[in-house]
Amino acid sequence: MSVYFEHQGRTLWNPATGLGRWYAALADAAADIVQTPTGLTENDDDTYTVDLIAFRTFAEKLYARFFRTRNPLVHALVEPSLLISLVMLERGGITMTPATEHETRFLDKIPEYSRLMAG
């Protein structure tokens, strides 16, 4: 079984059901911290509708929060969910522009995550 994260009929990610729900729960928790809705809506048919504009805002706020701290535990908790979010944004046609070398190194991980997220 799997779930689909979709934007306007386009699949951004199709993980196993457990993984998809786990990601959505982590995104919801992060949304509480950054005080912004995720832009993800769970549907009855094993899909999540992605409002790309709201999802972008969520990801940008999470990204900013991630780079504001140097706490390695925050990085360890947030990094995987943030990278999954950035892959989905890229698949929806939205990319982040790094402002620092540290951000560039981080964003260089996106292709690896994209491969891991391939069907």
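The values are calculated or read from the model by the stated rules, or taken from the named source; none is laboratory data. Just so you know, these numbers come straight off a predicted model, no measurement behind them. Every residue, glycine among them, receives a Cβ derived from its backbone with ideal geometry; neighbour counts consider all protein chains shown.
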key: L82 in a helix (DSSP H, G or I), closer than 18 Å to E112 by Cβ and touching a residue at least 12 places away in the same chain (Cβ under 8 Å)   = yes
query = Just wondering, is there one or more residues in region 100-109 that are assigned to a helix (DSSP H, G or I) and closer than 23 Å to R21 by Cα?
reply = no
message = Take the conditions modelled with pLDDT of 95 or more and touching an Asp or Glu at 6+ places or on another chain (Cβ under 6 Å) and apply them to Y4. Does it pass?
response = no
inquiry  = Being buried (at least 16 other Cβ atoms within 10 Å of the Cβ), out of contact with any Phe, Trp or Tyr (no Cβ under 8 Å at 6 or more places or on another chain) and either modelled with pLDDT under 95 or not in a loop (DSSP other than H, G, I, E, B) (or both) is true for just one of A31, A59. Which residue is that?
reply    = A59
message = Give me the residue from region 36-56 that is aliphatic (A, V, I, L, M) and touching a strand residue (DSSP E or B) at 6+ places or on another chain (Cβ under 8 Å) and, out of that set, surrounded by the fewest Cβ atoms within 10 Å (Cβ to Cβ).
response = L52
